[in-house]
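The values are calculated or read from the model by the stated rules, or taken from the named source; none is laboratory data. None of the values given here were measured: they were computed from a predicted structure. Reconstructed Cβ throughout: ideal geometry from the backbone, glycine too, with neighbour counts over all protein chains shown. These accessible areas exclude ligands, DNA and RNA; they are computed on the full protein's heavy atoms, side chains included. Shrake-Rupley method; radii C 1.70, N 1.55, O 1.52, S 1.80 Å.
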Amino acid sequence: MDSLIHEHVLNLEERVAVQESLPVLVQDGRFASVKFWGKLLGTDNDYLVTVAYRANMKDRSIFVSREGISWNIISCGLSEEEKFLCSRISSNILFNGDLGFEYQIASSAESEIGGKIIEEKRLAYWLEDIISYTTICPRGALYLSSLKPPCVSINLSFSGLTAEEALDLRNYCHLRATGELEKADIKPKEGISVLSDFLSKLDSDSPPGVWSFAQNNKTVVLRSMLWPGFQFFYTPRT
């Protein structure tokens, strides 16, 4: 299990529940690892979010829980109409905390498409967008095999970025969802292509300045200005 749980995110009861339940999730789901992602606040209940990875790290599953004990998998395979309806709900409207809660989307002069969408779909829409953008890795930390479909694994020969390299956005990459990896122009050398050779680097994100650096002793902290609250911690040479 690989998880990061901060006191300012979870209360004591939630921390204990998550720490005890995540190893069970790994074992029951036969996942290679799980990472506690964070908490989404709701009007009636909050959602705790965890991302689970297979040995092939491009295969991930998103789970949510209200109490940190039982976890529900979130299906992110939304139709275009479902995505459109979700996009019509203002981001200023908090989640309700009930996966079956229904939102009524009225048609308008701009669009004739209206209807109902449940909170589980809205949750999937936002989580997939945020997680796809904020799941990052140091350049060279992962490798891509020449198998079809390609397999993304931890690069055991990766010795870490230097202190200077760790402060350069060009040395961090987005680990996108499966579909984007399969569309990549993969040109392996000796059966392996370093993931950072074809994944988009953070320095190409727009607008410029959407990522900021900070240092806490030897630890480098990357913060997203697009999604306030997201932080990536990295210690050079690890």
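Going residue by residue through segment 44-66, is there one that turns out to be more than 21 Å from the chain's Cα centre (by Cα) and farther than 21 Å from Ser21 by Cα? Yes, some residue in segment 44-66 is more than 21 Å from the chain's Cα centre (by Cα) and farther than 21 Å from Ser21 by Cα. Against the list (1) in a strand (DSSP E or B); (2) at pLDDT below 90, the condition Leu222 fails is (2). Restricting attention to segment 219-232, the residues being out of contact with any Phe, Trp or Tyr (no Cβ under 8 Å at 6 or more places or on another chain), touching a residue at least 40 places away in the same chain (Cβ under 8 Å) and either surrounded by 12 or more Cβ atoms within 10 Å (Cβ to Cβ) or within 15 Å of Pro138 (Cβ to Cβ) (or both) number 1.
Does Ala17 satisfy being over 21 Å from Phe233 (Cα atoms), of a type in the set (A, V, I, L, M, F, W, C) and either in a helix (DSSP H, G or I) or under 17 Å from the mean Cα position of the chain (by Cα) (or both)? For Ala17, the condition - over 21 Å from Phe233 (Cα atoms), of a type in the set (A, V, I, L, M, F, W, C) and either in a helix (DSSP H, G or I) or under 17 Å from the mean Cα position of the chain (by Cα) (or both) - is met. Residues of segment 33-62 that are among the hydrophobic types (A, V, I, L, M, F, W, C) and either open to solvent by less than 60 Å² (accessible area, probe 1.4 Å) or touching a residue at least 60 places away in the same chain (Cβ under 8 Å) (or both): Val34, Phe36, Trp37, Leu40, Leu48, Val49, Val51, Ala52, Ala55, Met57, Ile62. Does Ser132 satisfy being under 21 Å from Trp227 (Cβ atoms), among the polar types (S, T, N, Q) and surrounded by fewer than 19 Cβ atoms within 10 Å (Cβ to Cβ)? For Ser132, the condition - under 21 Å from Trp227 (Cβ atoms), among the polar types (S, T, N, Q) and surrounded by fewer than 19 Cβ atoms within 10 Å (Cβ to Cβ) - is met.
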